[in-house]
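Notes to accompany the following structure.
No value in this document is a laboratory result; all are computed from the given coordinates. Given the structure is predicted, the values throughout are model-derived calculations rather than measurements. Here the Cβ positions follow ideal geometry from the backbone for every residue, glycine too, while neighbour counts run over all protein chains shown.
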Amino acid sequence: MYSFSEKSLQLQARLSDFMDQHIYPNEERYAQQLDAAQNRFAPLPLMDELKRSARDAGLWNLFVPENHSQYCDHGGLSNFDYAPLAEIMGRVLWCPEVFNCNAPDTGNMEVFMNYATDEQRQQWLTPLLAGEIRSSYAMTEPQVASSDATNIELAIVQKGDEWVLNGRKWFITGAMNERTKILIVMGKSDPNNSNRHLQQTQVLVPKDTPGIQLVRSLTTLGYDDAPLGHAEIIFDDVRVPLSNVLLGEGRGFEIAQGRLGPGRMHHCMRLIGAAQRSLELACQRADSRTTFGRKLSKHQSIREEIAKSFCEIEMARLLVLQTSAKIDREGVPASVDMIAATKTSVPIMVQTIVDRCMQIHGAGGLSQDYCMAEAFNYARWCRQADGPDQVHQMALGKQIIDRYAASAD
């Protein structure tokens, strides 16, 4: 049996109240402002208004872990205690930003906390924690299979006292947003190194650096995810000082591994919230609609779909909590098996659950009148983001085989 800390329980109650008072009543208003915006990637007045309310309510930077408690007012939370908060926020896909808990900024802020110099933290982490700017993490490339991070080709070459970047990135979340000011860029600085995991370096590139070209906004299943967006970017002779390196030359892969573990978990936490809300809406729909002379809720097939969805949500939630607890106890490297199991199970499970709930809603479930179509899109692209399912399953399968084969010996 698990139990959350008193701090987490109090924050859960306060966050739920905030959702009832400020988020759910403003979902339609948010959509209207976004539809009316001349630039879909500009800040929305409603978002800024809600951020002020969240800060006043003490619901800001909830993602900050305990070991970096100096960066938040609430003293930091364990992964386990943060999980139910992320789930609550995941019920409305755009609202994590209200609490400064949205991807990719949370992962990028943790990169700055864990790997940056004091000067880099002062320049970029401080305004990110204050919600004054946004950030992006530029890793994926269109011309190579980026599921193998050692494949990336963007060139990072030292010339004098500068790093020079040349290459192309895509599906760079947040890069379209007007408030995004800094890109964490991963590329190859030592392509001939015999150790494939020491070829990569990560550097900090201000978005307004000459040579950066935002080619286009990319969609996922037709969604542009405005106002954050996913950009395709060309780096054409982009130059930054040598001091913009993170951690050191050749340590890019190490940073990526440290960043992506918690990020994968945060996505799964939020997805459970999306699935839970979809299930609740499906139950309400089933109890309010009549077909063939009786309520939908009286049909056996509907009851079976609801029952399966309930069971799967509970399983997914327990897997997330168990993995989070292991990360808290043993750290990310010792928890890669459970992280992989969670990352490959939860998104596809949520995708299936949301699909059932869409079906119960009929044509409306496919429309913008409900949250489910966008939630389905989120679950689907999470199966690609931070590494596709197949790569994690391949690594996890090897680890499990080795573990139990060794025990037989």
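Sketch the reach of a paramagnetic label on Glu280 as a point 7 Å from Cα along Cα-to-Cβ, and name the residues of the range 12-56 whose backbone nitrogen lies under 15 Å away.
The answer is 12-27.
For the range 214-289, give the magnitude of the charge dipole about the Cα centre (Cβ charges: +1 Lys/Arg, -1 Asp/Glu; no others), in debye to the nearest 20.
So the magnitude is around 340 debye.
Quickly rank 400-407, 361-368, 152-159, 134-141 as a protection proxy: mean count of other C-beta atoms within 10 Å, highest first.
Descending packing order for the listed peptides: 134-141, 152-159, 361-368, 400-407.
Just to be sure I understand the model, the point goes 7 Å from the Cα along the line to the Cβ. What's the resulting Asn114 to Thr209 distance in nm?
Once both label points are built, they end up 2.2 nm from each other.
For q = 0.12, 0.18 Å⁻¹, what log10 I(q)/I(0) does the range 255-409 give under the Debye formula with an equal point scatterer on each alpha carbon and no solvent?
Result of the Debye calculation: -0.58, -1.01.
Given q = 0.20 Å⁻¹, what are the Debye log10 I(q)/I(0) values for the range 6-129, with equal point scatterers placed on the Cα positions and solvent ignored?
One equal scatterer on each Cα of the range 6-129 leads to -1.16.
With an 8 Å cut-off on Cα pairs and a minimum separation of 6 or more residues, tell me the relative contact order of the chain in percent.
14
Taking 45 Å as R0, compute the FRET efficiency from the Cβ-Cβ separation of Glu314 and Tyr223 and round it to 0.05.
The pair Glu314/Tyr223 has a calculated efficiency of 0.95.
Three principal axis extents, largest first, for the C-alpha atoms of the range 102-156, in Å?
36, 23, 16
With Cβ to Cβ distances under 14 Å as the rule, what net charge do the other residues near Pro65 carry (K, R +1; D, E -1)?
With Lys, Arg at +1 and Asp, Glu at -1, the net is -1.
Express in nm, to one decimal, how much length is gained between Asp148 and Arg29 on full extension, taking 0.36 nm for each residue of separation and deducting their alpha carbon distance.
Using 0.36 nm per residue and subtracting the Cα-Cα distance, I get 38.7 nm.
Order of Met315, Met19 from fewest to most other C-beta atoms within 10 Å?
Met315, Met19
What does the helix-only formula give at 222 nm for the chain: each DSSP H stretch with n ≥ 4 adding -39500 (n - 2.57), the total divided by the residues, and the result rounded to the nearest 500 deg cm²/dmol?
Mean residue ellipticity, 222 nm, calculated: -15000 deg cm²/dmol.
Quick one: Cα centre-to-centre distance for the range 293-371 and the range 86-157, in angstrom?
When both Cα centres are located, 26 Å separates them.
So what does log10 I(q)/I(0) come out to for the chain at q = 0.10 Å⁻¹, using the Debye formula with one equal point on every Cα and no solvent?
Those come out to -0.69, one per q.
Using alpha carbons only, how many angstrom separate the centre of the range 1-69 from the centre of the range 212-281?
Answer, in whole Å: 20.
Calculated FRET efficiency, Ala363 and His197, Cβ-Cβ r, R0 51 Å, to nearest 0.05?
0.55
Which number do you get for Rg(Cα) / (2.2 N^0.38 Å) in the range 134-249?
Expressed relative to 2.2 N^0.38 Å, the Cα Rg reads 1.03.
Using a 10 Å cut-off around each Cβ, can you sort Ser217, Ser278, Ser345, Ser243 from fewest to most neighbouring Cβ atoms?
Ser243, Ser217, Ser345, Ser278
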